[in-house]
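Engineer: Before we start, here is the structure in question, set down as structure tokens.
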């Protein structure tokens, strides 16, 4: 088990905690991470690119000049792809760029990314990672106290509005909730800052405000 110090927003060591072995002690599989990150970036593409063919360009209904006798090449429309203002041959059309990646592969890639950050001492656990009011100055002071340099990924246990707004104006800080944790954001950051309450929620798809599922009431048998 990997043990790591738990700090507060002032940078003081409060305690130590063991990182979940199923997420921070795996094998770093570079090929799996590459496949998942490539698929995630592909899914982010809008795919709304569109060009018009000669049948979609406005105009061009009349033949530019008669077929014979002019000495020029024969043409049937001024919207031909070889004309200025004409259509485009084999142009781009709307397309879905997303690639399907199964859940097992996504979990393996996230495990590899978190393990890589843990092996490089790039994981920081903070207790009570929250601000009472949104203030960028407090966020900057906290990052300085924690010794964070470079790009940082802040993982919260729940969507706390003052905390999110405090980090929002910092261009090198990305904030997300634990159920949004993904391989790309982990690899895109130099340091991963995790709220202590979010550690046990990694990979569960839940956040602290999500109520636990209640068992269905049993129906009483009518005699």
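Engineer: Having 3 or more residues that are over 14 Å from the mean Cα position of the chain (by Cα) and modelled with pLDDT of 95 or more is the bar; report the helices (runs of 4 or more DSSP H) wholly within segment 108-195 that clear it.
Structural biologist: Correct list: 136-145, 161-168.
Engineer: Here is a check on your reading of the model: is residue 17 under 31 Å from the mean Cα position of the chain (by Cα), assigned by TED's automatic domain parsing to the domain that holds residue 130, part of a strand (DSSP E or B) and under 30 Å from residue 196 (Cβ atoms)?
Structural biologist: yes
The values are calculated or read from the model by the stated rules, or taken from the named source; none is laboratory data. Bear in mind that the values here come from a model prediction, so they are computed numbers and not experimental data. When we count neighbours, we look across all protein chains shown, and the Cβ atoms used for this are built from the backbone with ideal geometry, even at glycine.
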